[in-house]
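Report on the structure given below.
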Amino acid sequence: MESLLISSSSSLTTSPIFSSSKHALTPKPQNLSFNSNARLVLFTCAAQQMNSPPSTEAKEKEVKLWGGRFEESVTDAVEKFTESISFDKALYKQDIMGSKAHASMLAKQGLMSDSDRDTIIKGLEEIERQIEAGQFVWRTDREDVHMNIEAALTDLVGEPAKKLHTARSRNDQVATDFRLWCRDAIDGIISRIKNLQIAMVELALQNEGLIVPGYTHLQRAQPVLLQHLLLAYVEQLERDAGRLLDCRARVNFCPLGACALAGTGLPIDRFMTSDALGFTAPMRNSIDAVSDRDFVLELLSANSITAVHLSRLGEEWVLWASEEFGFLTPSDKVSTGSSIMPQKKNPDPMELVRGKSARVIGDLVSLLVLCKGLPHAYNRDLQEDKEPVFDSVKAIVGMLEVSAEFAQNISFNRERIQKALPAGHLDATTLADYLVKKGIPFRTSHDIVGRSVALCVSRNCELQDLSLDELNSLNPIFDKDVYEYLGVENSIKKFRSYGSTGSECVAGQLDYWIDKLSISRER
């Protein structure tokens, strides 16, 4: 079966969040049997034909469903260049969903009989079964997923299938399919964001009290709790999920029934099909309905920002796993070796997370350039919107999954971190705060502490190693209580502003995420 998304994990294609079954439609009548022996024979023969070995090529070209006014077939080169079935068959489930909803609406509006509706729906269900069993014949001369399914349905059930395309076009059909696909993809990405957030919070819970150097400009700045740093990524991921939820709300409007661009004069009920497919409402403007790809750009933009966040996480952990830092060690389960250097243990998964962010960003740029010069309404250029979206979603899902896997299989080297902490005078800003509390203006305090650090550098010691007399030589306001502010442990204790790295503040942040993500407190 051609999966909706090709993931680094097989769970992606089987996960219920990527299934559209919750919107599946069944005809109202109880009896779904064919109304004549002729149709039953036709159905049986066609089904037997579909059981033949699958192929993506037809033995000879057939007349296109749109070929009434044409006297010649397109050349092989044109057909090969313009086909999209090689990638848009990933939309088969959404296409069948939309067709079932459309057939039900046409029957309700008197544009086809209930019998024809039942025949069509049963035929579509058979086609879906064949596709998922890997028995369906995808034909490039049928161009795309829509024409393949419609032509196969005609082969299967005959005349009733010819009524299915009443009051719709491939333009509104593909826009509907794509919105349904993107909606499911968003749900899947959000689920994986939450899994990574849980992994990061659990990692924070495992490392209570561990102080690490905090960096600005990649230079040591101030001490922070490791938990505080990990929760910073959790916050970023929450914004990522929020952007996707906002995008989903705008995705969830139905183009079906807009037809080619102008709507139809037939008495269709677009609200019925919209509701049946789980959309919020039909799109108000038929031109906008078929030409809009803002929802795709939004999805790719949200993915790109998420990819940047994951790339930053990857960069930090790759650095920390190096001998120069030595702050963390990935387990063998998430490491690779070298083909020539036997001693190597590489954090390759996070390097690839960092690297794959480039293609996610590139997918967004491709779509922006694709859309920038298109006049209203539909243009064939929009056929090129599928592959970047499929690629972006596949990449971001893989990045989220492997990042969570990596977080579950690393350990932080407390001894190495503690040995590294004294370097860099991380408590200097806390010392400046001490002087401010003594009534000295901050700029003056900054200068005094700067000279204190210079003294330490000349003596190759830390601020807490300076005697009170040495500190008083810089300013007589220093008293013995200054040592309550010196050293990284004391420095951490002095942080108390909302959102800071102080122990109480971080404990409050952890409590918030434990509750929000429904993480068990029993460890």
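Of Glu143, Glu504, the order by accessible heavy-atom surface (1.4 Å probe, DNA, RNA and ligands excluded), from most exposed downward, is Glu504, Glu143. The length gained by stretching the chain between Asn346 and Ser411 to full extension, at 0.36 nm per residue less their Cα-Cα distance, is 21.9 nm.
Anisotropy class assigned to the stretch 191-246 is oblate, per the alpha carbon gyration tensor with a/c at or over the 1.5 cut-off and a/b no larger than b/c. Simple rule: put +1 on each Lys or Arg Cβ and -1 on each Asp or Glu Cβ in the chain, find the dipole, and look at Ile492, Leu106, Ala151; the Cα lying farthest toward the positive end is Leu106. Charge dipole (Cα centre; +1 on Lys/Arg Cβ, -1 on Asp/Glu Cβ; no other charges) of the chain amounts to roughly 600 debye.
Given their separation in residues at 0.36 nm each and the Cα-Cα distance between them, Phe81 and Glu125 gain 12.8 nm when the chain is fully extended. Computed across the stretch 292-382, the Kirkwood radius stands at 15.6 Å (inverse of mean 1/r, all Cα pairs). Can you give the angle from 0 to 90° between the axis of helix 386-407 and the longest principal axis of the chain, with both taken from C-alpha atoms, to the nearest 10? Result, in degrees: 40. For Lys108, the solvent-accessible surface computed with a 1.4 Å probe is close to 120 Å², ligands and nucleic acids excluded. Asp465 sits with roughly 90 Å² accessible to a 1.4 Å probe, with DNA, RNA and ligands left out of the calculation. One decimal place: the segment Cys461-Lys437 gains 6.1 nm when fully extended, by the rule 0.36 nm per residue minus the C-alpha distance.
Using θ = phi - 60° in the Karplus curve 6.51 cos²θ - 1.76 cosθ + 1.60, the 3J(HN,Hα) couplings for the stretch 96-106 round to 5, 4, x, 5, 5, 5, 5, 4, 4, 5, 4 Hz; x is entered for Gly and Pro. Distance between the 7 Å Cα→Cβ label points at Thr444 and Ala232: 3.3 nm.
Shown are Arg117, Arg359, Arg243, whose ranking by accessible area with a 1.4 Å probe and every protein chain present, most to least, is Arg359, Arg243, Arg117. Dipole magnitude for the stretch 226-270: computed about the Cα centre from +1 point charges on Lys and Arg Cβ and -1 point charges on Asp and Glu Cβ, it is near 160 debye. When shorter helices are ignored and each DSSP H run of at least 4 residues is given -39500 (n - 2.57), the per-residue value for the chain at 222 nm works out to -18000 deg cm²/dmol.
Which one, Ser339, Thr444, Leu310, is farthest towards the positive end of the dipole of the chain when Lys and Arg carry +1 and Asp and Glu -1 on their Cβ? Going by the Cα projections, it comes out as Thr444. Projection of the Cα convex hull of the stretch 376-523, averaged over all directions and equal to a quarter of that hull's surface, yields 17.1 nm². Only alpha carbons enter this Debye calculation for the stretch 229-380, each as an equal point scatterer, and the log10 of I(q)/I(0) it gives at q = 0.09 Å⁻¹ is -0.49. Which shape class applies to the stretch 300-438: rounded if a/c is under 1.5, otherwise prolate when a/b exceeds b/c and oblate if not, where a ≥ b ≥ c are the square roots of the Cα gyration tensor eigenvalues? Note, shape of the stretch 300-438 comes out oblate.
Rg and Dmax of the stretch 96-253, both derived from C-alpha coordinates alone, stand at 25.1, 75 Å.
In this label model, His217 and Asp269 are separated by 6.9 nm, measuring between points 7 Å along each Cα→Cβ vector.
Between Ala420 and Leu368, the FRET efficiency estimated from the beta carbon spacing at R0 = 41 angstrom works out to 0.40.
The values are calculated or read from the model by the stated rules, or taken from the named source; none is laboratory data. Bear in mind the structure is a predicted one, so any value in this text is a computation, not a measurement. A quick note on method: Cβ atoms are made from the backbone with ideal geometry, for glycine too, and the neighbour counts reach across all protein chains shown. These area figures cover heavy atoms from the full protein model, side chains too; ligands, DNA and RNA do not enter into them. Shrake-Rupley method; radii C 1.70, N 1.55, O 1.52, S 1.80 Å.
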